[in-house]
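Comments concern the structure below.
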């Protein structure tokens, strides 16, 4: 791994299988339900408090994803993206960020082009083998069970930004 974690300014990720365990619950009335881990949510808020950006790039359009992104005040949310790399590249162009300043978390083949492009590509523990093979880091936790929080802590701790964030909890 050649990436300098202190240079990472954005965390981008897939949703289903990363922020969730990948289970899709379709209710009898056609609405959808998803389960999000609170550790991941708190980690995202800590990441934002460190002055860093967050983006969601999902292959599916989903109202629960929209609601969770709103709750976490995630500014960049892209859904129904069947080809994620062009969306990723356009986002970086819009905000003036180089790919090496971004960490991306994914779990399936549709995430592979972005994982390979990003400065720090991450596969969750339950990702498909090809994604794990191309990742710079593979989490010990599966998607939907704190994997995002694990990545956030890993980057913040290894870039010297963690201790400052802890002052909120350990004054």
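The values are calculated or read from the model by the stated rules, or taken from the named source; none is laboratory data. The structure presented is a predicted model; accordingly, all values stated were derived computationally and were not measured. Counting neighbours? That spans all protein chains shown, and the Cβs are built from the backbone with ideal geometry, glycine included.
The table for this structure:
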read-out	value
Boolean, residue 51 is modelled with pLDDT of 95 or more and either assigned to a helix (DSSP H, G or I) or closer than 17 Å to residue 80 by Cβ (or both)	no
Boolean, residue 43 is in contact with a helix residue (DSSP H, G or I) (Cβ under 7 Å, 6 or more places away or on another chain), surrounded by 15 or more Cβ atoms within 10 Å (Cβ to Cβ) and part of a helix (DSSP H, G or I)	yes
Breaking point among (1) under 16 Å from residue 150 (Cβ atoms); (2) not in a loop (DSSP other than H, G, I, E, B), for residue 19	(2)
